[in-house]
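Below is one structure; the comments refer to it alone.
Every read-out reported here was derived from the displayed coordinates using simple, explicitly stated rules and does not represent laboratory data. This one's a predicted model, so the numbers in the text were calculated from it and none came from an experiment. Note: ideal-geometry Cβ built from the backbone for every residue, glycine included; neighbour counts use all protein chains shown.
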Amino acid sequence: MDFEMSMMNAARNIFPDSSIKGCFFHLGQCIWRKIQESALVLRRYKDEPDFCLNIKTLMALAFLPPSDVIVGFETLVTSPFFADNIEELQYITDYFEDNWIGRNGHNNIRRNARFPIHMWNLMQTVVDGQARTNNAVEGWHNSFSKSLGSSHPNIWVFLKAIQKEQNLNEYRLSQANAGANTPQRRVYRDLTLRIENLVRRYQPGTNILNFLVGIAFNLNI
C-alpha cells in the first residue's frame, strides 16, 4: 500500500482485522522526493556513486530484523559518511527519523513514528518469498485502464474488457497448473536472489553497516 495516511486509515476502517503493509517502491519514492528538495544533494546523488549508495542505506534498513532497525538507523547517522555530510543530509535524516523511526524524546524514549517499523519492514517478507511492492497490482490497473480506451467507458465496453481479462487469466492459470514458469526479467531475479541471500545470512553479531551497504548495492530509487 502507498504511504498515504488517508488511504491507510480507510483500509483500517473497512478491514479492522487486516495488517497494513507499505509498498517498498513507495518508500523509495518518499526518499527520492526528499532528495529532490536540495539541488546540491540531487546533483551529488546523480553524479557521485558513493554518495548515492550511502543514501540508499536508509532504504536498506527495511531489510533488518525489526528489533535491529533503530540500532541500524543510529549506526548510519553516526557513520563517517553521514557525519561528514551532516549539513547537506540533516534534513533527510530528520525526515526519516520523524516519519519512519520515531524521534528521540525525553529520557531517550522515542516518539511514535508516523509509519511504524512493522508497517515497512521487509525482513520476514523476503524470507517468506513474498512481493516487496504493489507494482504488479498497479501495472495490472494501468494495463486494464488502457484496454478500456477511455476513463468512462460504456457498460458494454467494460464487460467486454472483463471477459477478455478473464479469458487471459484462465489461460495463465492453466499454464501455471501445467508447470510453466512465470517469466521474470533476469536482472530483477538476480537482484532478488542477492537480497534474499544477504537477509538469510544476517544473524546476531553481523556488522550492521556492512549489511546495509550490501543491501543498498542492490537497490534503486
(message) Between Asp50 and Trp156, how high is the FRET efficiency from 1/(1 + (r/R0)^6) when r is the Cβ-Cβ distance and R₀ = 45 Å? Nearest 0.05.
(response) 0.20
(request) Please turn the phi angles of the stretch 70-81 into ³J(HN,Hα) values with the Karplus equation 6.51 cos²θ - 1.76 cosθ + 1.60 (θ = phi - 60°), one per residue in order, whole Hz, x for glycine and proline. (result) 5, 4, x, 5, 5, 5, 5, 5, 9, 6, x, 4
(request) Could you order peptides 198-204, 208-214, 55-61 by the average number of other Cβ atoms within 10 Å of their residues, highest first? (result) 55-61, 208-214, 198-204
(request) Could you tally the net charge around Pro49, taking each other residue with its Cβ under 14 Å from the Cβ of Pro49, Lys/Arg +1 and Asp/Glu -1? (result) +1
(request) Could you please rank Leu193, Leu27, placing first whichever residue has the fewest other Cβ atoms within 10 Å of its Cβ? (result) Leu193, Leu27
